[in-house]
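Chemist: One structure coming up, written as structure tokens, with questions to follow.
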Amino acid sequence: YSREPENPEVAVAYSASLRKIGSVKEAVSVMTKVAQRHPEHAGVNLETGKALIEDGRAFEAIRYIENAIDYRKEDWRALSAYGVALDQIGEHELAREQYDAALLMFPDAVSVLSNKGLSYVLSGDLDRAVQTLRAATANRRGDARVRQNLALVLAIKGDMREAEKLARSDLPPQVADNNVQYFRSLMTQPAYW
């Protein structure tokens, strides 16, 4: 990126890497500069939106993600990101419409199913959340992150035995113990969630 700061593909890859290591503020800084130079680049708009979402700035992200969708109509990842932004601003039904549209394009997208399941949690529909997250974990691409999302929802619903089993299925013992302790704390404060 230092050698080619004008290259939008390099900037997008750099920002995605920054987000993965937790340097979200730096990713936002990189992408907002690049977005000014490449306002019609779908990948730049999408990555800028993702960085803003991770920075807790969903309202700002929406414009970039909508641009990405306009420039690249068949990008299920953009629709999923749009759903995440909508969930963050409390538009859960609209978010699930985006997830459904993304799943029509790529039915095997476990991350989209997981996002949809969490959307149901945010709107208080725990039964649908569990159903959706179970479908995501049953998929061959279901990973530890999806199973841990399901474990969290099961704990919120009060099914501690299955939540603990899932928590321990992927995580090292100390991390699993911490998660289980967190799940139990949720049960002692049901109004919290």
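The values are calculated or read from the model by the stated rules, or taken from the named source; none is laboratory data. Everything numeric in this text was worked out from a predicted model, so none of it was measured. So basically every Cβ, Gly included, is an ideal-geometry build from the backbone, and we count neighbours across all protein chains shown. Quick note on the areas: whole protein, heavy atoms, side chains included, nothing else; ligands and nucleic acids left out. Shrake-Rupley method; radii C 1.70, N 1.55, O 1.52, S 1.80 Å.
Chemist: Using alpha carbons only, how many angstrom separate the centre of region 156-188 from the centre of region 96-149?
Modeler: 20
Chemist: Separate question: Solvent-accessible area of K165, probe 1.4 Å, all protein chains present, reported in Å² to the nearest ten, please.
Modeler: It works out to around 150 Å².
Chemist: Still on this structure: Using unit Cβ charges (K, R positive; D, E negative) and no other charged atoms, how large, in debye to the nearest 20, is the dipole of the chain about its Cα centre?
Modeler: About 540 debye.
Chemist: Equivalent ellipsoid semi-axes for region 1-46, as square roots of 5 times the alpha carbon gyration tensor eigenvalues: give them largest first, rounded to whole Å.
Modeler: Listed largest to smallest, the semi-axes of region 1-46 are 16, 11, 9 Å.
Chemist: Would you calculate, for the chain, the mean residue ellipticity at 222 nm contributed by helices, counting each DSSP H stretch of 4 or more residues as -39,500 (n - 2.57) and dividing by all residues, to the nearest 500?
Modeler: Theoretical 222 nm ellipticity from helices: -24500 deg cm²/dmol.
Chemist: While we're here: Can you pull the Rg over Rh of region 119-158, Cα-only, Kirkwood?
Modeler: So for region 119-158, dividing Rg by the Kirkwood Rh gives 0.96.
Chemist: Can you tell me the length gained on complete extension of the stretch D143 to S29, counting 0.36 nm per residue apart and subtracting the Cα distance? Present the calculation step by step, with values, prior to reporting the outcome.
Modeler: Values: separation 114, 0.36 × 114 = 41.04 nm, distance 3.06 nm.
That works out to 38.0 nm of additional length.
Chemist: Could you please put V175, V146, V10 in sequence from largest to smallest accessible area, using a 1.4 Å probe?
Modeler: Ranked list, largest accessible area first: V175, V10, V146.
Chemist: Continuing with the same structure: For the pair D55 and A13, how long in nm is the line joining their label points, each one 7 Å along Cα→Cβ?
Modeler: The two pseudo-label positions are separated by 2.3 nm.
Chemist: Could you work out how much longer the chain between A101 and S123 gets when fully extended? Use 0.36 nm per residue separation minus the Cα distance between them, nm to one decimal.
Modeler: Fully extending the segment from A101 to S123 adds 6.0 nm.
Chemist: Using a Cα-Cα cut-off of under 22 Å, which lysines could be cross-linked to K33, ignoring same-chain neighbours fewer than 8 residues away?
Modeler: Hits, sequence-local ones excluded: K20, K25, K50.
Chemist: Rounded to whole Å and sorted largest first, what semi-axes of the equivalent ellipsoid does the C-alpha gyration tensor of region 98-193 yield via the square root of 5 times each eigenvalue?
Modeler: 24, 16, 9
Chemist: Let me ask you something else. Quantify, in whole percent, the carbon and sulfur part of the accessible surface of region 60-107 (1.4 Å probe; protein heavy atoms only).
Modeler: After summing per-atom areas, the C and S share lands at 48 percent.
Chemist: How large is the accessible surface per residue of the chain, computed with a 1.4 Å probe and reported in Å² as a whole number? Don't jump to the answer; show the numbers that get you there.
Modeler: Numbers: 10450 Å² over 193 residues.
It amounts to 54 Å² per residue over the chain.
Chemist: Which residues does the label zone of R37 cover in region 9-23, counting backbone N under 17 Å from a point 7 Å along Cα→Cβ?
Modeler: Taking a point 7 Å out along Cα→Cβ of R37, the residues of region 9-23 whose backbone N falls under 17 Å are 9-16.
Chemist: For region 13-59, which whole-number percentage of the solvent-accessible area (1.4 Å probe, protein heavy atoms only) is attributable to carbon and sulfur atoms?
Modeler: Heavy-atom surface of region 13-59 belonging to carbon and sulfur, 1.4 Å probe: 53 percent.
Chemist: While we're looking at this one, here's another question. Excluding ligands and nucleic acids, what accessible area in Å² is computed for S80 using a 1.4 Å probe, to the nearest 10?
Modeler: About 10 Å², ignoring ligands and nucleic acids.
Chemist: Also, I was wondering about something else. Just to be sure I understand the curve: with the Debye formula and one point per C-alpha of region 1-101, what is log10 I(q)/I(0) at q = 0.10, 0.22 Å⁻¹?
Modeler: Summing over Cα pairs of region 1-101 leads to -0.24, -1.07.
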